[in-house]
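Enquirer: Quick one: the structure is below, questions incoming.
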Amino acid sequence: MKIDLHIHTTCSDGNLHVDEVLREAKRKNIDLISLTDHDSIECQKKALSLATKYGINYITGIELNVTFQYPPEPGRSISLDFLGYQFDIGDRELKNKLELIRRRREVRAREILEKLNIEFDKENIARFNQADIRNVQDSVDGAFGRPHIARYLVEKGIVSSLQEAFDRYLVRLDVPKFPLSLAEASMLIRNAGGILVLAHPSDPHGTSLDSITSDLETQTKIIEEYMLEYVDGIECWHTTNGAKTTAHYIEFAKSHDLFLTGGSDCHQKPIIMGSLDIPDYVAEQFM
């Protein structure tokens with residue numbers, strides 16, 4: 001059985017539309033799938049319909065960005081991602097909160113664009129005008145984020161790659177996201193009938209506990225002390241994991257009777273969906 005429970009589409013920062021992703025999943029013979037766009041469920045209804053059409057088992061999904069207050073260091077906030085699964089996409093409370101987050105994303109993106117223009121003035125680069133800003137906005141199907149700005153910077157020839165866009169501008173000129181707490185994220189997903197899963201807990205390149213410590217034992221101690229009451233599972237398989245990390249989190253999740261999930265975190269450049277060896281029992285948890 002092929003399983004991939006972490007895939008993005010153009011409803012957030014993926015490179016393929018939902019119909020293209022489902023066609024590719026069918027071509028790759030993926031049996032169980034979840035699309036987990038950032039702070040967006042815009043594609044879920046269509047994904048459910050297409051999955052039925054292609055004979056693929058589908059679980060509703062989302063990836064929520066959480067501002068985690070790290071208790072040992074008062075005042076320190078850590079950005080972490082959590083995956084929601086099997087929730088009701090019609091839940092009103094969830095939809096209302098996501099609308100607030102969407103509005104904040106748009107404001108945040110405009111503020112980043114304003115900061116970019118100030119930086120361009122210093123570097124004698126032509127400012128983004130209203131036409132540029134509209135072009136960036138028009139590239140967005142769902143949740144507006146920094147990857148959309150990064151792609152436009154590449155398109156304009158200001159940088160040569162998405163990574164350069166982040167390294168040169170978008171990390172330094174960032175603006176705070178919507179401050180969603182772990183307790184609130186947990187309540188939203190659980191009240192909608194779903195489960196909340198800590199995403200890529202040890203990703204050295206992303207939003208993860210690695211920003212606090214790279215030591216796996218310390219990471220799981222943090223989960224044990226400050227997160228267990230709010231989470232239902234751990235993403236144990238991820239493309240950034242080594243064998244040691246995966247084994248550590250499998251053991252931890254099983255010892256605490258948590259859901260074990262996994263996914264490629266595919267954004268379609270390259271198309272890596274379905275590339276991880278995720279055991280069948282992961283699917284059986286959702287049956």
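The values are calculated or read from the model by the stated rules, or taken from the named source; none is laboratory data. Since we're looking at a predicted model, the values are computed, not measured. Heads up, the Cβs are rebuilt from the backbone with ideal geometry, glycines too, and the neighbour counts pull from every protein chain shown.
Enquirer: Is it the case that Thr207 is touching a strand residue (DSSP E or B) at 6+ places or on another chain (Cβ under 9 Å), within 18 Å of Gly61 (Cβ to Cβ) and in a loop (DSSP other than H, G, I, E, B)? Can you show your working first?
Expert: Details: touching a strand residue (DSSP E or B) at 6+ places or on another chain (Cβ under 9 Å): yes; within 18 Å of Gly61 (Cβ to Cβ): yes; in a loop (DSSP other than H, G, I, E, B): yes.
So Thr207 passes the test.
Enquirer: Where residues in segment 197-221 are touching a residue at least 60 places away in the same chain (Cβ under 8 Å) and β-branched (Val, Ile, Thr), which of them is farthest from Phe286 (Cα to Cα)?
Expert: Among residues in segment 197-221 that are touching a residue at least 60 places away in the same chain (Cβ under 8 Å) and β-branched (Val, Ile, Thr), the one farthest from Phe286 (Cα to Cα) is Ile212.
Enquirer: Another question, if that's okay. Can you tell me which residue is surrounded by the fewest Cβ atoms within 10 Å (Cβ to Cβ) among those in segment 230-273 that are in contact with a His (Cβ under 7 Å, 6 or more places away or on another chain) and in a loop (DSSP other than H, G, I, E, B)?
Expert: Looking at residues that are in contact with a His (Cβ under 7 Å, 6 or more places away or on another chain) and in a loop (DSSP other than H, G, I, E, B), I get Thr240.
Enquirer: Out of the residues in segment 69-82 that are in contact with a helix residue (DSSP H, G or I) (Cβ under 9 Å, 6 or more places away or on another chain) and buried (at least 22 other Cβ atoms within 10 Å of the Cβ), state the one that is modelled with the lowest pLDDT.
Expert: This residue is Leu80.
Enquirer: Right, another one. Taking the condition crowded, with 18+ Cβ neighbours inside 10 Å, among the aliphatic types (A, V, I, L, M), at pLDDT below 85 and more than 17 Å from the chain's Cα centre (by Cα), does Val136 pass? Talk me through it step by step, then tell me what you get.
Expert: Numbers: crowded, with 18+ Cβ neighbours inside 10 Å: yes; among the aliphatic types (A, V, I, L, M): yes; at pLDDT below 85: yes; more than 17 Å from the chain's Cα centre (by Cα): yes.
So Val136 fits the description; yes.
Enquirer: Another one. Please specify each residue of segment 274-287 satisfying the condition of being farther than 23 Å from Gly206 by Cα and either crowded, with 19+ Cβ neighbours inside 10 Å or of a type in the set (Gly, Ala, Ser) (or both).
Expert: Our first condition is that a residue be farther than 23 Å from Gly206 by Cα; within segment 274-287, this holds for 279-287.
Across segment 274-287, the qualifying residues are Val282, Ala283.
Enquirer: Exactly one of these conditions fails for Phe166: (1) in the same structural domain as Glu119 (by TED's automatic domain parsing); (2) among the hydrophobic types (A, V, I, L, M, F, W, C); (3) part of a loop (DSSP other than H, G, I, E, B). Give me its number.
Expert: The failed condition is (3).
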